[in-house]
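Take a look at the structure set out below.
The values are calculated or read from the model by the stated rules, or taken from the named source; none is laboratory data. In this text the structure is predicted, and so the values were computed from the model without any measurement. Neighbour counts run over all protein chains shown; Cβ positions are idealised from the backbone, glycine included.
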Amino acid sequence: MDNLPVVAVVGPTGTGKSELALNLAHEIGGEVINADAMQFYRGMDIGTAKLGEREREGVPHHLLDILEIHEEASVSHFQAQSRACMDEVRSRGHYPILVGGSGLYVRAALDILEFPGTDPSIRRELEADMEETGLETMRSRLESVDPESAASLGDARRVIRALEVHALTGRTFTSFMPQREYVQPAVQIGLRAEPAELGPKLSERVYRMERQGLLEEVRRLEPLGLRWGKTASRALGYAQFLRVLDDDMRIEDAVDETAVATRKLARKQRTWFRGDNRIQWLSWQEPGLAELAATIVREYTAGER
(Lines give C-alpha, C1' and ligand atoms only; values in the text may rest on other atoms or scores of the structure.)
Protein backbone atom coordinates (compact mmCIF):
# COMPACT_ATOMS: atom_id res chain seq x y z
CA MET A 1 0.00 0.00 0.00
CA ASP A 2 2.11 2.85 -1.34
CA ASN A 3 -0.31 5.52 -0.08
CA LEU A 4 0.15 4.79 3.62
CA PRO A 5 1.52 7.84 5.44
CA VAL A 6 4.54 7.88 7.70
CA VAL A 7 3.40 8.14 11.31
CA ALA A 8 5.79 10.03 13.59
CA VAL A 9 5.47 9.78 17.36
CA VAL A 10 7.31 12.74 18.89
CA GLY A 11 7.63 14.73 22.09
CA PRO A 12 9.84 15.18 25.15
CA THR A 13 11.89 12.37 26.61
CA GLY A 14 10.11 10.21 29.17
CA THR A 15 6.58 10.69 27.81
CA GLY A 16 6.20 7.11 26.60
CA LYS A 17 6.87 7.50 22.89
CA SER A 18 8.33 4.00 22.50
CA GLU A 19 5.36 2.42 24.24
CA LEU A 20 2.85 4.37 22.16
CA ALA A 21 4.67 3.47 18.93
CA LEU A 22 4.60 -0.20 19.94
CA ASN A 23 0.90 -0.16 20.83
CA LEU A 24 0.08 1.84 17.71
CA ALA A 25 1.90 -0.73 15.58
CA HIS A 26 -0.40 -3.40 17.03
CA GLU A 27 -3.48 -1.23 16.41
CA ILE A 28 -2.89 -0.26 12.79
CA GLY A 29 -0.37 -2.80 11.52
CA GLY A 30 2.94 -0.99 11.63
CA GLU A 31 6.68 -1.33 12.03
CA VAL A 32 8.78 0.99 14.17
CA ILE A 33 11.69 3.06 12.83
CA ASN A 34 13.98 4.55 15.47
CA ALA A 35 14.80 8.27 15.28
CA ASP A 36 16.61 8.56 18.61
CA ALA A 37 20.28 9.18 17.82
CA MET A 38 21.53 7.53 21.01
CA GLN A 39 19.59 4.33 20.37
CA PHE A 40 21.62 3.79 17.19
CA TYR A 41 24.46 2.48 19.37
CA ARG A 42 25.03 -1.17 20.19
CA GLY A 43 25.29 -1.69 23.92
CA MET A 44 23.76 1.65 24.94
CA ASP A 45 20.61 0.08 26.31
CA ILE A 46 19.91 1.02 29.91
CA GLY A 47 20.83 4.69 29.64
CA THR A 48 18.77 5.23 26.47
CA ALA A 49 15.67 3.35 27.71
CA LYS A 50 15.88 1.13 24.63
CA LEU A 51 13.17 -1.53 24.42
CA GLY A 52 14.64 -5.00 24.70
CA GLU A 53 13.86 -7.76 22.22
CA ARG A 54 11.14 -9.24 24.41
CA GLU A 55 9.60 -5.83 25.12
CA ARG A 56 9.11 -5.26 21.38
CA GLU A 57 6.39 -7.93 21.41
CA GLY A 58 7.22 -9.22 17.96
CA VAL A 59 6.84 -5.81 16.27
CA PRO A 60 9.76 -5.20 13.86
CA HIS A 61 12.00 -2.34 14.99
CA HIS A 62 14.44 -0.76 12.54
CA LEU A 63 17.57 1.39 12.93
CA LEU A 64 18.36 0.23 16.44
CA ASP A 65 21.91 -0.96 17.20
CA ILE A 66 23.30 0.12 13.82
CA LEU A 67 26.47 1.89 15.01
CA GLU A 68 29.50 0.93 17.03
CA ILE A 69 30.10 3.03 20.10
CA HIS A 70 33.05 4.94 18.59
CA GLU A 71 31.26 5.89 15.35
CA GLU A 72 29.73 9.31 14.76
CA ALA A 73 26.03 9.60 13.97
CA SER A 74 25.18 11.39 10.72
CA VAL A 75 21.87 13.12 10.08
CA SER A 76 22.31 12.89 6.31
CA HIS A 77 23.09 9.18 6.50
CA PHE A 78 20.06 8.65 8.74
CA GLN A 79 17.88 10.50 6.24
CA ALA A 80 18.73 8.01 3.50
CA GLN A 81 18.42 5.01 5.83
CA SER A 82 15.09 6.05 7.32
CA ARG A 83 13.49 6.79 3.95
CA ALA A 84 14.64 3.43 2.59
CA CYS A 85 13.11 1.77 5.68
CA MET A 86 9.83 3.59 5.12
CA ASP A 87 9.62 2.30 1.55
CA GLU A 88 10.40 -1.26 2.68
CA VAL A 89 7.76 -1.17 5.43
CA ARG A 90 5.11 0.13 3.03
CA SER A 91 6.00 -2.58 0.52
CA ARG A 92 4.80 -5.06 3.16
CA GLY A 93 1.50 -3.21 3.54
CA HIS A 94 2.45 -1.80 6.95
CA TYR A 95 2.59 1.71 8.34
CA PRO A 96 6.10 3.10 8.97
CA ILE A 97 6.05 4.45 12.53
CA LEU A 98 8.94 6.85 13.18
CA VAL A 99 9.63 7.41 16.87
CA GLY A 100 12.11 9.56 18.76
CA GLY A 101 12.87 12.83 20.46
CA SER A 102 15.85 13.86 18.32
CA GLY A 103 14.11 16.70 16.52
CA LEU A 104 16.56 17.22 13.67
CA TYR A 105 16.55 13.51 12.85
CA VAL A 106 12.75 13.51 12.71
CA ARG A 107 12.80 16.54 10.43
CA ALA A 108 15.45 14.94 8.21
CA ALA A 109 13.25 11.88 7.74
CA LEU A 110 9.98 13.72 7.18
CA ASP A 111 10.75 17.08 5.58
CA ILE A 112 12.41 18.54 2.53
CA LEU A 113 15.93 18.98 3.85
CA GLU A 114 19.11 19.03 1.79
CA PHE A 115 22.62 18.32 3.03
CA PRO A 116 25.35 20.13 1.08
CA GLY A 117 28.17 17.77 2.02
CA THR A 118 31.70 18.60 3.10
CA ASP A 119 35.19 18.89 1.61
CA PRO A 120 38.12 18.29 3.99
CA SER A 121 40.58 20.27 1.87
CA ILE A 122 38.32 23.34 1.76
CA ARG A 123 37.66 22.98 5.49
CA ARG A 124 41.40 22.83 6.28
CA GLU A 125 42.08 25.91 4.17
CA LEU A 126 39.30 27.87 5.87
CA GLU A 127 40.48 26.81 9.33
CA ALA A 128 43.99 27.98 8.47
CA ASP A 129 42.60 31.32 7.27
CA MET A 130 40.58 31.63 10.48
CA GLU A 131 43.67 31.03 12.59
CA GLU A 132 45.67 33.56 10.62
CA THR A 133 43.13 36.38 10.20
CA GLY A 134 40.61 35.90 13.01
CA LEU A 135 36.85 35.56 13.32
CA GLU A 136 35.83 39.10 12.34
CA THR A 137 37.80 38.99 9.09
CA MET A 138 36.20 35.66 8.19
CA ARG A 139 32.77 36.97 9.11
CA SER A 140 33.33 39.93 6.77
CA ARG A 141 34.28 37.45 4.06
CA LEU A 142 31.06 35.55 4.71
CA GLU A 143 29.04 38.76 4.68
CA SER A 144 30.12 39.43 1.09
CA VAL A 145 28.57 36.16 -0.14
CA ASP A 146 25.95 35.34 2.53
CA PRO A 147 24.95 38.37 4.62
CA GLU A 148 22.05 36.58 6.35
CA SER A 149 24.32 33.86 7.73
CA ALA A 150 27.00 36.38 8.67
CA ALA A 151 24.46 38.27 10.78
CA SER A 152 23.17 35.20 12.61
CA LEU A 153 26.21 32.94 13.09
CA GLY A 154 28.37 33.80 16.08
CA ASP A 155 31.05 31.16 16.50
CA ALA A 156 34.04 30.28 14.34
CA ARG A 157 32.93 26.73 13.58
CA ARG A 158 29.64 27.86 12.04
CA VAL A 159 31.20 30.70 10.09
CA ILE A 160 33.68 28.23 8.60
CA ARG A 161 30.85 25.82 7.78
CA ALA A 162 28.86 28.55 6.00
CA LEU A 163 31.91 29.53 3.93
CA GLU A 164 32.58 25.89 3.11
CA VAL A 165 28.99 25.40 1.91
CA HIS A 166 29.23 28.46 -0.33
CA ALA A 167 32.57 27.32 -1.76
CA LEU A 168 31.14 23.85 -2.47
CA THR A 169 27.74 24.80 -3.88
CA GLY A 170 27.70 28.49 -4.73
CA ARG A 171 24.61 28.75 -2.50
CA THR A 172 24.09 30.40 0.85
CA PHE A 173 24.11 28.35 4.04
CA THR A 174 20.58 29.54 4.87
CA SER A 175 19.24 28.15 1.58
CA PHE A 176 19.79 24.67 3.02
CA MET A 177 17.74 25.30 6.16
CA PRO A 178 14.86 22.82 6.58
CA GLN A 179 11.44 23.72 5.26
CA ARG A 180 8.28 22.61 7.06
CA GLU A 181 7.13 20.67 4.03
CA TYR A 182 6.76 16.90 4.05
CA VAL A 183 8.66 14.96 1.44
CA GLN A 184 5.87 12.33 1.55
CA PRO A 185 2.48 12.05 3.31
CA ALA A 186 2.95 12.09 7.09
CA VAL A 187 1.05 12.28 10.36
CA GLN A 188 2.80 13.57 13.45
CA ILE A 189 1.42 12.67 16.87
CA GLY A 190 2.96 14.49 19.81
CA LEU A 191 2.83 13.47 23.44
CA ARG A 192 2.17 16.50 25.63
CA ALA A 193 3.37 16.68 29.24
CA GLU A 194 3.85 19.72 31.44
CA PRO A 195 7.13 20.01 33.38
CA ALA A 196 5.41 19.63 36.76
CA GLU A 197 3.93 16.32 35.59
CA LEU A 198 6.97 14.96 33.83
CA GLY A 199 9.80 16.08 36.13
CA PRO A 200 9.30 13.53 38.93
CA LYS A 201 9.00 10.70 36.41
CA LEU A 202 12.25 11.71 34.71
CA SER A 203 14.09 11.75 38.05
CA GLU A 204 12.73 8.34 38.96
CA ARG A 205 13.71 6.99 35.56
CA VAL A 206 17.34 7.98 36.13
CA TYR A 207 17.35 6.35 39.59
CA ARG A 208 15.88 3.21 38.00
CA MET A 209 18.60 3.17 35.34
CA GLU A 210 21.24 3.29 38.05
CA ARG A 211 19.58 0.38 39.85
CA GLN A 212 19.40 -1.58 36.58
CA GLY A 213 23.17 -1.32 36.15
CA LEU A 214 23.99 1.85 34.19
CA LEU A 215 27.43 2.06 35.78
CA GLU A 216 28.23 -1.51 34.71
CA GLU A 217 27.01 -0.70 31.19
CA VAL A 218 29.31 2.32 31.02
CA ARG A 219 32.19 0.26 32.40
CA ARG A 220 31.66 -2.31 29.64
CA LEU A 221 31.44 0.32 26.88
CA GLU A 222 34.39 2.46 27.95
CA PRO A 223 37.10 0.20 26.44
CA LEU A 224 35.06 -0.03 23.22
CA GLY A 225 35.44 3.71 22.64
CA LEU A 226 32.60 5.35 24.59
CA ARG A 227 34.88 8.06 25.95
CA TRP A 228 36.08 9.08 22.47
CA GLY A 229 32.91 8.64 20.42
CA LYS A 230 31.86 12.12 19.25
CA THR A 231 28.15 11.33 19.56
CA ALA A 232 27.93 8.56 22.14
CA SER A 233 30.13 10.27 24.72
CA ARG A 234 27.65 13.16 24.96
CA ALA A 235 24.70 10.94 25.87
CA LEU A 236 23.01 11.84 29.13
CA GLY A 237 24.04 9.52 31.92
CA TYR A 238 26.99 8.10 30.05
CA ALA A 239 29.05 11.28 30.34
CA GLN A 240 28.26 11.52 34.04
CA PHE A 241 28.97 7.86 34.81
CA LEU A 242 32.29 8.02 32.96
CA ARG A 243 33.26 10.52 35.66
CA VAL A 244 32.24 7.96 38.28
CA LEU A 245 34.62 5.48 36.66
CA ASP A 246 37.33 8.13 36.88
CA ASP A 247 36.62 8.62 40.62
CA ASP A 248 35.76 12.20 39.75
CA MET A 249 32.12 11.97 40.84
CA ARG A 250 30.05 10.00 43.32
CA ILE A 251 27.25 7.81 42.00
CA GLU A 252 24.67 9.89 43.87
CA ASP A 253 25.95 13.09 42.23
CA ALA A 254 26.04 11.45 38.79
CA VAL A 255 22.41 10.44 39.21
CA ASP A 256 21.37 13.92 40.35
CA GLU A 257 23.30 15.65 37.54
CA THR A 258 21.80 13.29 34.95
CA ALA A 259 18.29 13.93 36.27
CA VAL A 260 18.78 17.71 36.01
CA ALA A 261 20.22 17.40 32.49
CA THR A 262 17.33 15.15 31.46
CA ARG A 263 14.77 17.71 32.60
CA LYS A 264 16.62 20.39 30.61
CA LEU A 265 16.57 18.14 27.54
CA ALA A 266 12.82 17.63 27.94
CA ARG A 267 12.29 21.41 28.00
CA LYS A 268 14.41 21.83 24.88
CA GLN A 269 12.50 19.09 23.06
CA ARG A 270 9.17 20.59 24.13
CA THR A 271 10.18 23.94 22.64
CA TRP A 272 11.42 22.33 19.42
CA PHE A 273 8.28 20.32 18.74
CA ARG A 274 5.87 23.07 19.80
CA GLY A 275 7.23 25.11 16.92
CA ASP A 276 5.70 22.66 14.44
CA ASN A 277 1.98 23.33 14.04
CA ARG A 278 1.49 20.15 11.99
CA ILE A 279 1.77 18.00 15.11
CA GLN A 280 -1.45 16.68 16.63
CA TRP A 281 -1.00 16.66 20.38
CA LEU A 282 -2.35 14.14 22.86
CA SER A 283 -1.83 14.03 26.61
CA TRP A 284 0.81 11.46 27.54
CA GLN A 285 -1.56 10.19 30.26
CA GLU A 286 -4.68 10.12 28.08
CA PRO A 287 -6.81 6.99 28.64
CA GLY A 288 -6.93 4.86 25.49
CA LEU A 289 -3.97 6.72 24.03
CA ALA A 290 -3.13 4.14 21.35
CA GLU A 291 -6.75 3.96 20.20
CA LEU A 292 -6.93 7.76 19.90
CA ALA A 293 -3.69 7.85 17.92
CA ALA A 294 -4.92 5.02 15.68
CA THR A 295 -8.11 6.97 14.96
CA ILE A 296 -6.07 10.01 13.89
CA VAL A 297 -4.00 7.86 11.53
CA ARG A 298 -6.99 6.02 10.05
CA GLU A 299 -8.92 9.25 9.46
CA TYR A 300 -5.91 10.81 7.74
CA THR A 301 -5.39 7.71 5.57
CA ALA A 302 -9.07 7.62 4.58
CA GLY A 303 -8.91 11.29 3.59
CA GLU A 304 -5.89 10.68 1.37
CA ARG A 305 -7.64 7.99 -0.67
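Taking segment 155-170 as the range and being of a type in the set (G, A, S) and closer than 16 Å to E131 by Cα as the test, only A156 passes.
Of all the residues in segment 163-202, those that are under 20 Å from the mean Cα position of the chain (by Cα), in a loop (DSSP other than H, G, I, E, B) and either of a type in the set (S, T, Y) or at pLDDT 90 or above (or both) number 4. Contact annotation: no residue pair with Cβ atoms under 6 Å, 6 or more positions apart or on different chains, pairs a residue in segment 25-47 that is farther than 20 Å from M209 by Cα and part of a helix (DSSP H, G or I) with a partner that is at pLDDT below 95 and among the polar types (S, T, N, Q). For Y95, indicate whether it is touching a residue at least 12 places away in the same chain (Cβ under 8 Å), of a type in the set (S, T, Y) and in contact with a strand residue (DSSP E or B) (Cβ under 7 Å, 6 or more places away or on another chain). It is true that Y95 is touching a residue at least 12 places away in the same chain (Cβ under 8 Å), of a type in the set (S, T, Y) and in contact with a strand residue (DSSP E or B) (Cβ under 7 Å, 6 or more places away or on another chain). Could you list, in sequence order, all residues of segment 76-92 that are part of a helix (DSSP H, G or I), touching a residue at least 40 places away in the same chain (Cβ under 8 Å) and not polar (S, T, N, Q)? Passing the criteria: F78, R83, C85, M86, V89, R90.
Residues in segment 197-205: is at least one small (G, A, S) and closer than 21 Å to S74 by Cα? No, there is no match, as no residue in segment 197-205 is small (G, A, S) and closer than 21 Å to S74 by Cα. Might you check whether a residue that is under 23 Å from the mean Cα position of the chain (by Cα) and either touching a residue at least 24 places away in the same chain (Cβ under 8 Å) or more than 23 Å from S175 (Cα to Cα) (or both) occurs anywhere in segment 139-162? For segment 139-162, residues under 23 Å from the mean Cα position of the chain (by Cα) and either touching a residue at least 24 places away in the same chain (Cβ under 8 Å) or more than 23 Å from S175 (Cα to Cα) (or both): absent. Looking across segment 100-117, the residues that are touching a Lys or Arg at 6+ places or on another chain (Cβ under 8 Å) and among the hydrophobic types (A, V, I, L, M, F, W, C) come down to A109, L113.
With respect to L126, determine if the residue is surrounded by 17 or more Cβ atoms within 10 Å (Cβ to Cβ) and closer than 22 Å to G29 by Cβ. For L126, the condition - surrounded by 17 or more Cβ atoms within 10 Å (Cβ to Cβ) and closer than 22 Å to G29 by Cβ - is not met. Restricting attention to segment 102-134, the residues that are in contact with a strand residue (DSSP E or B) (Cβ under 7 Å, 6 or more places away or on another chain) and outside any helix (DSSP H, G or I) add up to 1.
The condition of being free of Cβ contacts under 8 Å to residues at least 60 places away in the same chain, under 19 Å from the mean Cα position of the chain (by Cα) and either outside the structural domain of I189 (by TED's automatic domain parsing) or surrounded by fewer than 19 Cβ atoms within 10 Å (Cβ to Cβ) (or both) holds for only one of T258, T271, that being T271.
The residue list R234, R180 contains one member that is more than 30 Å from P5 (Cα to Cα) and not aromatic (F, W, Y), which is R234. Note on segment 48-68: residues that are closer than 19 Å to A109 by Cβ and either outside any loop (DSSP other than H, G, I, E, B) or free of Cβ contacts under 8 Å to residues at least 12 places away in the same chain (or both) total 3. Kindly provide the set of residues from segment 222-250 that are part of a helix (DSSP H, G or I) and either in contact (Cβ under 8 Å) with a residue 24 or more places away in the chain or in contact with a Ser or Thr (Cβ under 9 Å, 6 or more places away or on another chain) (or both), ordered by number. Residues satisfying the conditions are L224, A232, Y238, A239, Q240, F241, L242, V244, L245. Being of a type in the set (A, V, I, L, M, F, W, C) and under 23 Å from S233 (Cα atoms) is a condition met by no residue of segment 15-30.
Tallying residues that are surrounded by 14 or more Cβ atoms within 10 Å (Cβ to Cβ) and of a type in the set (V, I, T) within segment 129-164 yields 3.
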